[in-house]
Amino acid sequence: MQAREDELLALWSRHIEPFVEDRDGDYEDFYEQAVRLEAALDSFGADNVWLHVSTDRETAVNAGTGERRPAEELEHLPRYGTQASKHHQNIDMEQARLAANYYRYEAFLARAGRRVALCGFGMEDETATELGDVLAGWAADGTRRAFLKSTRVKYGAFPVDLPEGFRPEDGARAVYNELDYGAMSLEGQRESLIA
């Protein structure tokens, strides 16, 4: 874990600003931002990532070239990188929605490196994509491990084993085994999980 922490701190220092330990900061939020930066760089390439690197929301910096441009020139692009806190700052809700829905973008799907399905579980709507059906289909194709992530921020991400004979009803059980009572707030909702 220490090596991973050092890796993220070095990445942050290279692209945003030198890391200075601040005991008053939000430790979890900082690492979430660092992982978000890492994902953007890995997915799109540094030359295609523009960042706001300070409280100056008027300027964007290219992560690959260091070029600085007025942010208004790049307003047509979804913003990946540090997101303003909803609690303490004004936030462009349209951009926040775009960033939160990354799993719907062709740019993500084309670079995910694996099959991706947006699904839910425990749904009565027969037109909805059911998690158990997706996982059972993958298991039947020989896939032995999947990764599930909630579409809700800070809610859940975990691997699921897909042994031979995995059945559709095992999908919901896997979510409940991992999230316990937390799974109740996801049950019955369309598009609540990315598999």
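The values are calculated or read from the model by the stated rules, or taken from the named source; none is laboratory data. Source: prediction; values computed, not measured. Here Cβ is always computed from backbone atoms with ideal geometry, including for glycine, and neighbour counts include all displayed protein chains.
For the reader, a short list of remarks on this structure follows.
- Condition met for residue 170 (surrounded by fewer than 14 Cβ atoms within 10 Å (Cβ to Cβ) and out of contact with any Ser or Thr (no Cβ under 9 Å at 6 or more places or on another chain)): no
- Members of segment 40-80 found to be at pLDDT 85 or above and either in a loop (DSSP other than H, G, I, E, B) or touching a Pro at 6+ places or on another chain (Cβ under 6 Å) (or both), listed by number: 45, 49, 63, 64, 65, 66, 67
- When residues in segment 139-159 are screened for being assigned to a strand (DSSP E or B) and surrounded by fewer than 19 Cβ atoms within 10 Å (Cβ to Cβ), 6 of them pass.
- Residue 165 vs. criteria under 30 Å from residue 75 (Cα atoms), loosely packed, with under 12 Cβ neighbours inside 10 Å and not assigned by TED's automatic domain parsing to the domain that holds residue 36: no
- Listed by first and then second residue, the pairs with beta-carbon distance under 6 Å, at least 6 apart or on different chains, first residue in segment 27-55 and closer than 12 Å to residue 8 by Cβ and of a type outside the set (A, V, I, L, M, F, W, C), second in a helix (DSSP H, G or I) and modelled with pLDDT of 80 or more, are 38/11.
- Among the residues making up segment 112-133, those that are over 17 Å from residue 182 (Cα atoms) and assigned to a helix (DSSP H, G or I) are 132, 133.
- Here the condition is being free of Cβ contacts under 8 Å to residues at least 60 places away in the same chain, part of a helix (DSSP H, G or I) and under 22 Å from the mean Cα position of the chain (by Cα); of 136, 172, it holds for 172 alone.
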